[in-house]
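Working notes, beginning with the structure itself.
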Amino acid sequence: MSVTHGGVGSPPSLRDGPQGAAERALAVLRAPQGDDRPALAGAIAGTRALEDDPRFNAGTGANIRLDGETIQMDAALMTDRGEFAAVAVIERVRNPIRAARLVLDSPHVMLAGEGATRFAHKLGLPDEVPRTPAAEAKYRDRLARLSEMVGKPGSDAIDWRDYWNFPGAMPPEIQAWARGGDTVGTVARDQGGRFAAALSTGGTSVTLYGRVGDVPIYGAGLYAGPAGAVACTGHGEEIIRRGLARAVYEDMSSGTPAEAAVAAAATAFPLESDVGLIAVDARGWGVAANREMAYGVAPAPAP
Ligand code: ASP
């Protein structure tokens, strides 16, 4: 079975995206075509389907960062065999999760920045900037909302002028900005009872050049082991501080069902920070979030 999410904050009206991705993952789980890791192949297929859906912040549709130019993405995967691979702040690829899969077969666990981008191109991923009109519109919208926030009494918005590290000059409007994130992810259990998870994100748009979120950090954005698989979305810095996916996995491995484990983690997360989680174990699956979140499950649960 597979469970997918379109990122915390994604409206349920977009549910057809993650649902289609969960079904795509299930099809691969059921017909892995000789792959000796069907759970991993399924998790990647689900996440790749969402990377290709421009409505979500990963791959095509990834957020444009503060300067209005940069797109830097993170992706990671993990299997219940303890295999882990990631790319961080990769640019100019359409499917960062495919780059993470290539890292899995390399001598390394993670590649970052220009090295990750060059590695992906060297191994055959096309050189393309996954910039979309929708992502440009989202950027402009955030820019417009920014001016409303600046100087508002009680606003704890950050003055980005203090930190500006992009190669280009700062757009004049940028002084503070609300967080805008989302990630796409898949957890999968194959017919042999093996587990895997795969995550991909354009990161939060309110970030500096080179910012790395939770997705490629071991134990933070995702985790898999013999007891199941977990994948997160939300405020990356807070997810990293909590080692969230691994903490939820450990709860599951001590006997808490996936559904209860993700619910407890979402409830314990600070309310001011958004979070969403999906998990699968031997008995079932769970989805929880402290904001709205579009997700998919396949096979679809009985109504
Ligand atoms: N967790 C992602 C990040 O911090 C963003 C998100 O899922 O909202 O990069």
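Annotations for the structure displayed:
- Of the beta bridges in the chain, as assigned by DSSP with both residues counted there, near 95 percent are antiparallel.
- Net lengthening on full extension, ARG131/ALA144 (0.36 nm per residue, minus Cα-Cα): 2.7 nm
- Length-normalised contact order of region 207-303 in % [C-alpha pairs under 8 Å, at least 6 apart]: 24 percent
- Those residues of region 123-144 whose amide nitrogen sits under 18 Å from the label point placed on TRP164, 7 Å along Cα→Cβ: 140, 143-144
- Global geometry of region 221-303, whether rounded, prolate or oblate, following the gyration tensor of its Cα atoms and the 1.5 cut on a/c: oblate
- Residues GLU292 and HIS108, FRET efficiency given R0 of 35 Å [Cβ-Cβ distance, rounded to 0.05]: 0.40
- ARG15-LEU208 FRET efficiency (beta carbon distance; Förster radius 45 Å; 0.05 resolution): 0.85
- Estimated at 0.36 nm per residue, the fully extended path between LEU271 and ARG118 surpasses their Cα-Cα distance by 51.2 nm.
FYI, it's all coordinate maths here, none of it is from the lab. Just so it is clear, the structure is predicted and the values come from calculations on it, not from any experiment. We place every Cβ from the backbone using ideal geometry, glycine too, and count neighbours over all the protein chains shown.
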